[in-house]
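S.K.: I'd like to ask you about the structure that follows.
The values are calculated or read from the model by the stated rules, or taken from the named source; none is laboratory data. Quick caveat: nothing in here was measured; it's all calculated off a predicted structure. Note that we place each Cβ from the backbone using ideal geometry, even for glycine, and neighbour counts take in every protein chain shown.
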Amino acid sequence: MDLHFTINRDLCIQCGACVADCPFHIIEMADDLPALNPARVHHCIRCQHCLAVCPTGALSICGSNPEHSMPLPESLPSGRQMTALIRGRRSVRHYLPEPLDPGVIDDMLRTVANAPTGKNKQQCLFTVIDDRETMVRFRRETMEGLRQAVAGKRLSEGLSYFRHVVTAWDQGRDIIFRDAPHLLLVSAPQSVATPDADLLIAMSSFDLLAASMGIGTLWNAMIRWAFSVIETDMYRRLGIPDDHVKGYALLFGRPAVQYHRTVQRDQAQINRVQLA
Ligand SMILES: Cc1cc2nc3c(=O)[nH]c(=O)nc-3n(C[C@H](O)[C@H](O)[C@H](O)COP(=O)(O)O)c2cc1C
């Protein structure tokens, strides 16, 4: 396994931080510089902790150079800012029609690709609708699929409200998609270590990043439930592989509503453990 591990001799201060922080003890201090331990190198999960922890930016690995990393901790939002973000993000159900620049969406997804995944597998697939025509078509196909499910009496009691959803659609109200210009659906192969967690963490990260950028989102279970009664395999239609665990859809776009204060839902149910 060639990890392209290099140490800049002029910058390395031999502090041993990379050796100490490597979760699989792949790095050792050899002579005067850190080096890979050939007997353990196959354990590497490419987490790049060694690159991140080096105080002088002396270490490159996996083709990543420290000069291309963001400097920390000065780039981090404060606790106050994060508190406001978590408390202040809202489910947006009113959107402006203008689509976001696809470049902005790409940048967001590249950032979200940095979210943690079990064993650092990084196998999340980001299925995105960023163009208007596709969104129009996708909404129409979903609604027509629902209409057929209603007509064919395929709705269980729990999903019978889809009748109302179809009626509302015919009257020009979109209860499922809320006229959002974009959709994100994150999936991950069943075969990876922690697909459910990986994709939810990615979606949550996207959600908070979007809120920090003034972009609205709506987590959407209705789309998933709609897919479960539509005859066409809509996941396949979206190009999502059969062997993927699928997350909920997340609608997003520029909000047509502004919130001026946080809600108040501080009733955390806490089970504080004290073992005798
Ligand atoms: C997994 C999940 C699925 C959701 N599905 C829907 C949905 O299908 N339609 C909808 O309008 N809201 C949906 N919501 C939004 C919740 O109703 C919303 O998060 C909750 O009312 C709290 O409001 P807030 O997000 O503005 O804090 C969903 C939320 C989550 C977390």
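S.K.: Can you find, within the stretch 58-103, the residue that is farthest from the ligand (Cβ to nearest atom) among those that are within 19 Å of the chain's Cα centre (by Cα), surrounded by 14 or more Cβ atoms within 10 Å (Cβ to Cβ) and within 19 Å of Ala249 (Cα to Cα)?
M.R.: Only one residue fits best here, namely Leu100.
S.K.: Then there's this: Can you tell me which residues in the stretch 221-246 are within 20 Å of the chain's Cα centre (by Cα) and under 26 Å from Glu98 (Cβ atoms)?
M.R.: Met222, Ile223, Leu238, Gly239
S.K.: While we're here: Give the residue that is farthest from Met1 (Cα to Cα), with candidates limited to residues of the stretch 60-107 that are without any contact (Cβ under 8 Å) to a residue 60 or more places away in the chain and charged (D, E, K, R).
M.R.: Arg80
S.K.: Here's something else I'd like to know. Within the stretch 217-253, restricting attention to residues that are among the small types (Gly, Ala, Ser) and within 14 Å of the ligand (Cβ to nearest atom), which residue is nearest to Asp179 (Cα to Cα)? Before the answer, list the steps.
M.R.: First pass over the stretch 217-253, keeping only residues among the small types (Gly, Ala, Ser): 221, 226, 228, 239, 247, 249, 253.
Checking the rest, the ones that are also within 14 Å of the ligand (Cβ to nearest atom) come to 221, 226, 228, 247, 249.
Details: Ala221: 16, Ala226: 16, Ser228: 21, Gly247: 21, Ala249: 14 Å.
If we take residues in the stretch 217-253 being among the small types (Gly, Ala, Ser) and within 14 Å of the ligand (Cβ to nearest atom), then Ala249 is nearest to Asp179 (Cα to Cα).
S.K.: Here's another thing I want to ask about it. Within 30 Å of Phe177 (Cβ to Cβ) and of a type in the set (Gly, Ala, Ser) - does that describe any residue in the stretch 38-54? I'd like the intermediate steps shown before the answer.
M.R.: Applying the first criterion (within 30 Å of Phe177 (Cβ to Cβ)) to the stretch 38-54 yields none.
No; the residues of the stretch 38-54 include none that is within 30 Å of Phe177 (Cβ to Cβ) and of a type in the set (Gly, Ala, Ser).
S.K.: Exactly one condition in (1) within 9 Å of the ligand (Cβ to nearest atom); (2) of a type outside the set (A, V, I, L, M); (3) within 20 Å of Leu183 (Cβ to Cβ) is false for Tyr259; which is it?
M.R.: Here Tyr259 meets the rest and fails (3).
S.K.: Within the stretch 171-187, is even one residue more than 14 Å from the ligand (Cβ to nearest atom), more than 22 Å from the chain's Cα centre (by Cα) and not β-branched (Val, Ile, Thr)?
M.R.: So far as the stretch 171-187 goes, yes, one or more of its residues are more than 14 Å from the ligand (Cβ to nearest atom), more than 22 Å from the chain's Cα centre (by Cα) and not β-branched (Val, Ile, Thr).
S.K.: Looking at Asp207, Asp196, Asp179 in this structure, which one is more than 20 Å from Val112 (Cα to Cα) and either modelled with pLDDT of 95 or more or not aromatic (Phe, Trp, Tyr) (or both)?
M.R.: Asp179
S.K.: Do we find a residue being surrounded by fewer than 17 Cβ atoms within 10 Å (Cβ to Cβ), over 23 Å from Pro77 (Cβ atoms) and not charged (D, E, K, R) anywhere in the stretch 203-221?
M.R.: yes
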